[in-house]
Every structure is written in structure tokens, then in C-alpha cells.
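Here the structure comes first, spelled out in C-alpha cells, and everything after it is commentary.
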Amino acid sequence: MARCSPPLLRRLFCRAAKSASAAGAGAGGTSKKNIVFLGSPQVAASVLETLLVASESPDSSFQVSAVVTQPPAAKNRGRKLMPSAVAQLALDRGFPGDLIFTPERAGEEVRPELCITAAYGNILPQRFLDIPPYGTVNIHPSLLPLYRGAAPVQRALQDGVEETGVSLAYTVRALDAGPVIASEKFAVDEYIKAPELLAILFNLGSKLLLHELPSILDGTAKEKAKPQDDSKITHAPKLNSDESWLSFNQEAKLLHNKLVNQNGEPDVLEIKVISTKACASCDKTGDGNEVLFSGNSLLIPCGGSSCLEVVELQLPGKKVTTARDFWNEHTGNTRTYTKSGPKPVSES
């Protein structure tokens, strides 16, 4: 991988363009269009995989000429610098390492014909957006103009939506505000978690991208792309740590929607809630502040006489466990827990 200065980046992209032109010339001297892919996490790696596989087809009209991703980051307990999921996927597939770029920011040195972005993680400047003649197209995991921003899936789940989707849109300077080329809806059940839904939506987005690429590369997509309705805009800002705190005065459904996409901040026992169910009413009796156990769930009294059923949880440094295993290991028949900490009480 090349983490390089702008002058070197410029030279490498010029060399990449020349190599791509030579390699992309097929029968009859027809050249494939050069696509630069920008993305970083695992969901973006799945999009790159789809593009690379499709580009290998003999009748493909495009090729991936370069990859731009976030610089290596310290991960795991050893804090070892590791490449992004996109960079690792590209290397694993034999993509030339000197055509995988990790600049601090993408600049005008990149000279693609089309850019595809998927969870890249950086804002692209206008001077960069002006370069590719076929534009820059982004896969966004929401039905734009709903949930513009960094956390569309998390915010949609937090709102308890029954339907979301993925959009293919041109990138403009304003965040997620470009004309929409195509979109696809997806029904949401109440137990799906954010990472799972995010992967599903980017998988759908990959297929949608391949379907629309011919029109993007011949210019007709710009003609059919529809401007977003600004009157329907909703925003999806990045979640902050303060939002991880739970207020059990709220109804269980609201807390469940929050927990399907939040990791949570440590409380007295430093418990991370992983998966939940929401009950409209709680038929177990307690003092109103007790965390009870019934069936396979911890029952936490919430607002409106509702209960939050905690099905899976995790302690710091431990693996995810079921509520039953947690209860057996940490309580036995000698105590239960309140919303403020443990106290002597027998199992319900």
C-alpha cells in the first residue's frame, strides 16, 4: 500500500491510468472505463469484491484502476497497525499494492473516469468531485432523503422503522444530497441488529450498482436521476457516548430500539446489553426497581408498565453470553439486581 505525498500520488495515478488503458484495451481496441473505488470498512470491502469480480468478465465495460481507503489503524489489544478491510481485501485478491492509496484525504491528484464510494469515511472536496467525467456515485444505506449522515442504519433502528433501504446517488458537496439514481427497499423486523442490517443493505447496494453501471457509464443515469425532496429530509448524525445511557423510565420498546444498534457505556456492573425484546406489559412482580429473571431473559421494569427482556449480554473482557448463563453464574439463588446495583433477593 502507498501512503504518499500529493506529488507522488499524482505520478502513481498517472501511471495507473496509463497501465489501465493498456490493460483495458480489448478486441477492436475498445478500452474499459477506469473506476476508482473509495471505501474502508468490511461492508465496503464487500462492494469492492463485487466490482472486482464483475470487472473480470470478458464483456465488462469497466475495470478498477485504483483503490483509496483509510490509513492503517491500531487494532486489538496489541495495538498493531492493521490495514482497512478494503485494503486487505484488495491485497488478498492480488490487487497491486502500489495502486492502493491511503492518503490523509483524497485530493485532485486522483484522475478517474468514475468514482464509487462506500463508507469511505472522508468528505470529498469539490475539486475532487469535479474530476471524474461520469461523476462520483455513493452507496448510502437509507432511502434518501431519509437519514442523511454518518449513522443512517443506527438511527433508523432507533426510530423503530418497519422499512428502510439503500440508495445509489451522485455525490455533491452537501452531505448525501445528490440526485438519486436508484433505490431499493428492505423490510425491517424488530430483532435485526445494526451490523447485520448494514451488511444486508450494502449487499443490496452492490447489486443495485452493477445493474445501474451501464447507464452511469453511458451518461444516461444523470438524465434519469431524481433530485431529492428537501421537505422530507431527516438526519442521522453519528451516535455519541451519552446516548448509550438507558433511562428505564422510558417504555421498553424505545429502549429495545436503542439497544439493537448501541454498544452501551459501562454501568455499575459494566454490563453491555447485546440483544433484547420489548414487552408491552410485565406480569412479574417486584418492587418496581428489581431486575428479575424469567424463562431465558432478564426482565427490567420500564415506563408505562412495560418490560425490557435482555436475552444476551456481555461483561468487559468476556464473550457474549445468554441471560440464563449470566444469571446462573452471577446470582444463583442468593441475589438479584436492581437498576442501580445488586441486592439480596431470590430469583423470581
Quick check on V86: is it β-branched (V, I, T), open to solvent by less than 30 Å² (accessible area, probe 1.4 Å), modelled with pLDDT of 95 or more and within 24 Å of V153 (Cβ to Cβ)?
yes
Against the definition (closer than 19 Å to I116 by Cβ, free of Cβ contacts under 8 Å to residues at least 12 places away in the same chain and not hydrophobic (A, V, I, L, M, F, W, C)), how does P41 come out, yes or no?
no
So which of Y120, Y147, Y134, Y170 ends up being among the hydroxyl-bearing types (S, T, Y) and closer than 17 Å to P71 by Cα?
Y120
In the range 121-160, residues that are surrounded by fewer than 18 Cβ atoms within 10 Å (Cβ to Cβ) and closer than 20 Å to L239 by Cβ total 7
Taking N263 as meeting all but one of (1) modelled with pLDDT under 65; (2) assigned to a helix (DSSP H, G or I), write down the number of the exception.
(2)
Only one of these is out of contact with any Cys (no Cβ under 6 Å at 6 or more places or on another chain), in a helix (DSSP H, G or I) and outside the structural domain of L254 (by the TED database): R111, R155. Name it.
R155
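Rundown of residues vs (1) within 19 Å of the chain's Cα centre (by Cα); (2) not in a loop (DSSP other than H, G, I, E, B), yes/no style:
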residue: S60; (1), (2): no, no
residue: A66; (1), (2): no, yes
residue: L81; (1), (2): no, yes
residue: Q88; (1), (2): yes, yes
residue: G94; (1), (2): no, no
residue: Y120; (1), (2): yes, no
residue: R127; (1), (2): no, yes
residue: I131; (1), (2): no, no
A169 within 17 Å of the chain's Cα centre (by Cα), open to solvent by 30 Å² or more (accessible area, probe 1.4 Å) and either of a type outside the set (V, I, T) or closer than 26 Å to S231 by Cα (or both):
no
Give all pairs with beta carbons closer than 7 Å in which a residue from the range 158-178 that is part of a loop (DSSP other than H, G, I, E, B) meets a residue that is open to solvent by 30 Å² or more (accessible area, probe 1.4 Å) and β-branched (V, I, T); count only pairs at least 6 apart in sequence or on separate chains.
G178/T171; G178/V172
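The values are calculated or read from the model by the stated rules, or taken from the named source; none is laboratory data. The structure presented is a predicted model; accordingly, all values stated were derived computationally and were not measured. Cβ atoms come from the backbone with ideal geometry, glycine included; neighbour counts cover every protein chain shown. The area values use the complete protein model at the heavy-atom level, side chains included, leaving out ligands, DNA and RNA. Shrake-Rupley method; radii C 1.70, N 1.55, O 1.52, S 1.80 Å.
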